[in-house]
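S.K.: Would you mind keeping the following structure in view while I ask a few things?
The values are calculated or read from the model by the stated rules, or taken from the named source; none is laboratory data. This is a predicted model, so every value here is computed, not measured. Neighbour counts run over all protein chains shown; Cβ positions are idealised from the backbone, glycine included. In case anyone asks, the SASA skips ligands and DNA or RNA and just uses the protein heavy atoms, side chains included. Shrake-Rupley method; radii C 1.70, N 1.55, O 1.52, S 1.80 Å.
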Amino acid sequence: MSNTEPEGPATTTSPAQANHSLTLTALPTLKPDLYERAWASIPHPTLPLLATAHQKAVTVFSLSSLTSHSTLTGGHTRSVRSVAWKPNLGPQKLCLVSGSFDSTAGLWRWEGPSDGGANLETEVTAATSTNRLGAGSDDDDDEGEKDWEFTLVLEGHDSEVKSVVFSPSGQYLATCSRDKSVWIWEDVGVTEADDEWETVAVLNEHEGDVKAVAWCPDTPNRNDRGRYSSDVLASASYDDTVRIWREDGDGEWVCVAVLEGHAGTVWGVQWEQNPRHDRFPRLLTWSADGTIRVWTLHEESDDGDEEGAQDRPQHAWGGLGGIPNTMRRSLKEEWSAESGLVASTGSDGVVAVYREADGNNNNNNNVHATTDAEAAAELDGDVHMTNGQTTSAAESPSSSLWNIVATTSNAHGPYEINHVTWCKRFDSGCPPERRGVEEMLVTTGDDGIVRPWQLS
């Protein structure tokens, strides 16, 4: 990609795109531009809010107005690298955690009126100059203005905090760091507003910096057999591995699986948010080796005598290979809960979208990944992962194909894209009946621009 190319989306990047079924179109960027490197943008789980980590601050955007209405500053002495929203809070309450290069994680809270005021979502999506949350009005007595409060610093890591994420219930917070450790913190406050957290585990088994952590979503089929603890955590590391952690019967957090197969730093992990009803959520990992891999839990029947069980590899890996040659190092991906699409981006400024297809699809844009036949981890035991043999669709009826359905190049001009995520659309350009339902992509880059993309 030439740095002299004009900034903006391109609808074609290679002849292979002729068969792509979807088009990525840039929507108006979120305003104002941050004018400094932005690391990641994380959507609120239920409200039309997006939190972006950049420099020593977090900026919260409205996904309705596509403008900033909050800026959280003063909590960190170095750049904020990651941010996470706390789920399952009561009405009129917001809470997020920021992870920083200063080796700490900070807890922020915002609380609206408790006297029966307007619904928080209505207030937030209005996003006018007179009711921005913590926007810094000259009128300090304006009751419509509410400030974010920096309420707690979580200390313990010896180096920069690279990722922070809440468990589905909000009871646990996981942080990981360049110091090669994963910390698990528990909310022990008596009430929802009490900021009392204690360390329940420090996990030190990775041999390199821990880049990212992700909690398994709370899906209906996750605990249907009673074999899995309520919280399962995955961590990705510079040691080229992913580890799976859970709490054992004695309340100790233990590593139950090591996923090996990547030939470079594993930049991130993402659990499947909406798995097939009879399957434990799959795990998506992406690496400096230029590949995305899909891992599936191998579940044996209780008596262990299902047909073919004795002949099937017990610990195999699924690789989503064949990434276009424009996709280079520093991949970042997100797996959409609504559509099942996978979005990928990297330091080359290309955004690619993949869709899983059945094994009989012979489209030349397909990339192959084993799915139902590969094993990822027995989460109720200590299982070390080993590589298996990938097979072609013709050799394995249970294999799965992934189509490249859309790509765009030069997404942020000459600047590197640091993060991509899916979120719901609430903006005025979306048909009213589709607001809060239709999905869009959001990319965040070194240029300080937060850019939404429509997939059509």
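S.K.: Under a crude label model (7 Å from the Cα following the beta-carbon direction), how far is Ser169 from Ala26 in nanometres?
M.R.: Those two pseudo-labels are separated by 4.5 nm.
S.K.: Could you work out the pair-distance distribution P(r) of the stretch 411-456 from its alpha-carbon pairs, with 5 angstrom bin width and percents rounded to whole numbers?
M.R.: That works out to 5, 23, 27, 18, 14, 9, 3, 0, in percent per bin.
S.K.: Now for a different question. Please sort 159-172, 94-107 by packing, taking for each peptide the average over its residues of neighbouring beta carbons within 10 angstrom, highest first.
M.R.: On the way: 159-172: 20.4, 94-107: 23.3.
Listed from highest to lowest mean packing, they are 94-107, 159-172.
S.K.: Within 10 Å, count the other beta carbons around each residue, average over each peptide in 434-441, 28-35, and list them highest first.
M.R.: Numbers: 434-441: 17.4, 28-35: 15.2.
Highest-to-lowest ranking by the protection proxy: 434-441, 28-35.
S.K.: So which of Lys56/Lys424; Lys86/Lys211; Lys86/Lys162; Lys93/Lys162; Lys31/Lys162; Lys93/Lys211 end up more than 24 Å apart by C-alpha?
M.R.: Values: Lys56/Lys424 27 Å; Lys86/Lys211 20 Å; Lys86/Lys162 18 Å; Lys93/Lys162 26 Å; Lys31/Lys162 26 Å; Lys93/Lys211 30 Å.
From Lys56/Lys424; Lys86/Lys211; Lys86/Lys162; Lys93/Lys162; Lys31/Lys162; Lys93/Lys211, over 24 Å: Lys56/Lys424; Lys93/Lys162; Lys31/Lys162; Lys93/Lys211.
S.K.: Would you kindly find the accessible area of Ile292, with a 1.4 Å probe and non-protein molecules such as ligands, DNA and RNA excluded, rounding to the nearest 10 Å²?
M.R.: In the full protein context, Ile292 sits at about 0 Å².
S.K.: Additional query: Heavy atoms of the protein only, probe of 1.4 Å, neighbouring chains included. What is the accessible area of Lys180 in Å², nearest 10?
M.R.: We get 90 Å² for Lys180.
S.K.: Each label point is 7 Å from the Cα along the Cα-to-Cβ direction; what then is the distance between the points at His277 and Arg78, in nm?
M.R.: The answer from the label model is 5.0 nm.
S.K.: Given the protein chains as shown and a 1.4 Å probe, how many square angstrom of Cys423 are accessible, to the nearest 10?
M.R.: Ignoring ligands and nucleic acids, Cys423 comes out at about 10 Å².
S.K.: In units of 2.2 N^0.38 Å, what is the alpha-carbon radius of gyration of the stretch 166-278? Walk me through the intermediate numbers first.
M.R.: On the way: Rg = 14.5 Å, N = 113, 2.2 N^0.38 = 13.3 Å.
Cα Rg divided by the expected 2.2 N^0.38 Å: 1.10.
S.K.: Something else about it: If DNA, RNA and ligands are ignored and the probe is 1.4 Å, what is the ranking of Ile449, Ile42 by accessible area, most exposed first? Each step should come with its number before you reach the end.
M.R.: Numbers: Ile449 20, Ile42 45 Å².
Ranked list, largest accessible area first: Ile42, Ile449.
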